[in-house]
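Down below is the structure, laid out as structure tokens.
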Amino acid sequence: MRLQGKVVIVTGSTTGIGKAIAKKCVSEGAKVMIHGLEKDLGDEVVRDLGESHASLFIRDLHEPEVVNQLIGFTIKTFGKLDALVNNAAKQGSANIETTDAQLFREFIEINTIVPFLLIQGALPYLKSTKGCVLNIGSVNAYAGEPNLLPYSVSKGALMTLTRNLGDSLFRDYHVRVNQINPGWVLTETEMARRKSQGFGDDWFTKLPYIPSQRILYPEEIANAAIYWLEDASGPISGQVVDLEQFPFIGRNPPKNIFTLK
């Protein structure tokens with residue numbers, strides 16, 4: 001019960017990594033504000049967790065004033081805020097030829113500016129609880145694949161935001177800001193994408209170029225996230241931790257990484 005009595009906002013928590021983090025938070029004693037765009041999926045998560053432990057906020061954070069509404073609703077529902085997990089993100093493939101200015105702005109807006117606004121809006125409440133922020137990034141933040149250009153850039157900007165605020169907010173407000181960069185994770189979206197590409201039902205367990213020979217699971221990312229939300233992480237702030245199964249920098253990628261069937 002490492003988060004006993006704490007209140008946590010997890011954006012983008014109706015599916016995938018966010019849902020896994022929300023469930024893990026509740027299992028560790030926290031109350032969680034579930035957020036996303038899919039009300040039916042959100043209702044299911046809240047039912048699984050129990051209404052005494054979780055509540056649901058369904059709105060697009062990209063819309064004006066929604067950020068403040070989410071924070072306000074959390075305070076009204078649970079009375080305080082101890083931690084903010086910025087997990088919601090825009091994903092999608094685009095390269096130098098298919099990325100126009102509008103698409104680029106959307107990635108930056110949702111993946112970098114919205115997390116900043118959430119931290120800014122939550123700061124008065126996090127200050128009072130000496131709380132923390134955990135940003136969910138991506139190993140693509142360091143460069144990224146050619147077809148993930150705007151996504152990778154937005155996550156790189158988030159990484160710099162984490163390091164900048166991790167210093168200043170802890171120094172001035174005793175609010176820690178850290179980030180984890182997951183690698184390849186078996187979310188519902190990833191399963192659906194690979195299935196549409198003709199991959200077999202057990203493709204994620206037959207990856208010989210990965211030490212474990214399988215993809216990461218959302219629950220494993222959630223387990224790692226809890227450390228940064230609990231008090232045991234102490235005065236560590238402004239850190240970015242990669243969650244991959246091999247040295248991400250300096251290892252030659254396999255040629256057939258996206259052709260396994």
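The values are calculated or read from the model by the stated rules, or taken from the named source; none is laboratory data. None of the values given here were measured: they were computed from a predicted structure. Using ideal geometry, Cβ is built from the backbone for each residue, glycine included, and neighbour counts are taken over all protein chains shown.
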Please name all residue pairs, on different chains or six or more residues apart, with Cβ atoms under 7 Å, provided the first residue is in the range 203-226 and is hydrophobic (A, V, I, L, M, F, W, C) and assigned to a helix (DSSP H, G or I) and the second residue is surrounded by 15 or more Cβ atoms within 10 Å (Cβ to Cβ) and at pLDDT below 85. TRP203/ARG194; TRP203/LEU260
Can you name the residue in the range 3-21 that is out of contact with any His (no Cβ under 9 Å at 6 or more places or on another chain) and within 14 Å of GLY36 (Cβ to Cβ) and is also surrounded by the fewest Cβ atoms within 10 Å (Cβ to Cβ) among such residues? THR15
Anything in the range 70-122 that is under 16 Å from PHE57 (Cα atoms) and of a type in the set (Phe, Trp, Tyr)? List them, or say none. PHE73, PHE78
Residues of the range 244-261 satisfying the condition of being surrounded by 12 or more Cβ atoms within 10 Å (Cβ to Cβ) and either farther than 19 Å from VAL139 by Cα or at pLDDT 95 or above (or both): LEU260
Qualifying residue in the range 111-134 (condition: modelled with pLDDT under 95 and not aliphatic (A, V, I, L, M)): no
So, in the range 162-180, of the ones that are of a type in the set (S, T, N, Q) and surrounded by fewer than 23 Cβ atoms within 10 Å (Cβ to Cβ), which residue ends up farthest from the chain's Cα centre (by Cα)? SER168
Matching option when the condition is surrounded by 14 or more Cβ atoms within 10 Å (Cβ to Cβ), hydrophobic (A, V, I, L, M, F, W, C) and over 23 Å from VAL32 (Cα atoms), among ILE226, ILE210: ILE210
Can you pull out every residue in the range 184-202 that is touching a strand residue (DSSP E or B) at 6+ places or on another chain (Cβ under 8 Å) and either assigned to a loop (DSSP other than H, G, I, E, B) or without any contact (Cβ under 8 Å) to a residue 12 or more places away in the chain (or both)? TRP184, LEU186
Counted residues in the range 60-88 being of a type in the set (D, E, K, R) and touching a residue at least 12 places away in the same chain (Cβ under 8 Å) come to 3
